[in-house]
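The values are calculated or read from the model by the stated rules, or taken from the named source; none is laboratory data. Everything quoted here is computed from the prediction, not taken from an experiment. Cβ coordinates were reconstructed from backbone atoms using ideal geometry, including for glycine residues, and neighbour counts include every protein chain displayed. All accessible areas refer to the heavy atoms of the entire protein, side chains included, with ligands and DNA or RNA removed. Shrake-Rupley method; radii C 1.70, N 1.55, O 1.52, S 1.80 Å.
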Amino acid sequence: MAPAPSRLGAGGVSGLGVYSLLVQRARLARLAMFDALTGLPNRTLIEDRLERAIAAQRRNPAMVSGLLFTDLDDSSASTTSTDTASATRCWQGVAARAMHAVRDIDSVGRWGGDEMIVLLENAGRDKIPELVERVRRAVETPIEYSGLKLQVGVSIGVAIVPDDGDGSRT
């Protein structure tokens, strides 16, 4: 009499291996596109989204988008602090507040160092100044951590697509 097949059997083990591989690949894909500290899209993903926004603007010349280049001014709270937990919490707070300050269709990404990029897709010229101020207020609002108020300033440069260029490398 032949033994009863196990539930896992050869196909089950193979299935578990495939599942593990897929989970690992998904994690690696996430790490390749998102900043590990903040969870924001990284430079690679933001550049891709910018190229897509520029392509959409070329198809619809009436569309106007904004690109905000942000630089945290008081980086001592965010990157040079001897308290790594405070620096981490500061960056996470800044990222979350910047995300909440923009519309669902917009993208906030970590460019590198103390810099973030905010892509305001199809924003319209009249809405961009308001969105810039919303981002500024959100980033400059103090973050409470362990009884401290962590605060950074922000400098924001603005480029309008298509007025200031129509490519990410222009």
Please specify each residue of the stretch 32-48 satisfying the condition of being assigned to a helix (DSSP H, G or I) and within 22 Å of ALA85 (Cβ to Cβ). none
Suppose we filter the stretch 75-113 for residues that are open to solvent by 10 Å² or more (accessible area, probe 1.4 Å), assigned to a loop (DSSP other than H, G, I, E, B) and at pLDDT below 90; how many remain? 6
Name, by its number, the condition in (1) in a loop (DSSP other than H, G, I, E, B); (2) modelled with pLDDT under 85; (3) of a type outside the set (Val, Ile, Thr) that does not hold for MET63. (2)
Could you tell me whether any residue of the stretch 157-165 is exposed (fewer than 15 other Cβ atoms within 10 Å of the Cβ), at pLDDT below 85, of a type outside the set (Ser, Thr, Tyr) and not in a strand (DSSP E or B)? yes
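Is it the case that ARG134 is farther than 18 Å from ILE46 by Cβ, modelled with pLDDT of 95 or more and of a type outside the set (Ser, Thr, Tyr)? Steps first, answer last, please.
Values: farther than 18 Å from ILE46 by Cβ: yes; modelled with pLDDT of 95 or more: yes; of a type outside the set (Ser, Thr, Tyr): yes.
Considered against the rule, which asks whether it is farther than 18 Å from ILE46 by Cβ, modelled with pLDDT of 95 or more and of a type outside the set (Ser, Thr, Tyr), ARG134 comes out as yes.
Which ones in the stretch 28-44 are surrounded by fewer than 17 Cβ atoms within 10 Å (Cβ to Cβ) and either in contact (Cβ under 8 Å) with a residue 12 or more places away in the chain or under 8 Å from the mean Cα position of the chain (by Cα) (or both)? Full working, then the answer.
So the first thing to find is which residues in the stretch 28-44 are surrounded by fewer than 17 Cβ atoms within 10 Å (Cβ to Cβ), and the list is 28-33, 36-37, 39, 43-44.
Listed by number, the residues that qualify are ALA32, MET33, LEU37, GLY39, ARG43, THR44.
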What are the residue pairs meeting all of these: first residue in the stretch 100-114, first residue closer than 16 Å to GLY124 by Cβ, second residue surrounded by fewer than 21 Cβ atoms within 10 Å (Cβ to Cβ) and among the basic types (Lys, Arg), Cβ atoms under 8 Å, and 6 or more apart or on different chains? VAL102/ARG134
Could you check how many residues of the stretch 49-72 are of a type in the set (Asp, Glu) and surrounded by 14 or more Cβ atoms within 10 Å (Cβ to Cβ)? 1
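Within the stretch 117-139, can one find any residue that is of a type in the set (Asp, Glu), in a strand (DSSP E or B) and surrounded by fewer than 20 Cβ atoms within 10 Å (Cβ to Cβ)?
Step one: filter the stretch 117-139 for residues of a type in the set (Asp, Glu), giving 121, 126, 130, 133.
Still in the list and also in a strand (DSSP E or B): none.
There is no residue in the stretch 117-139 that is of a type in the set (Asp, Glu), in a strand (DSSP E or B) and surrounded by fewer than 20 Cβ atoms within 10 Å (Cβ to Cβ).
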Is it the case that LEU16 is modelled with pLDDT under 80 and either open to solvent by 90 Å² or more (accessible area, probe 1.4 Å) or part of a helix (DSSP H, G or I) (or both)? yes
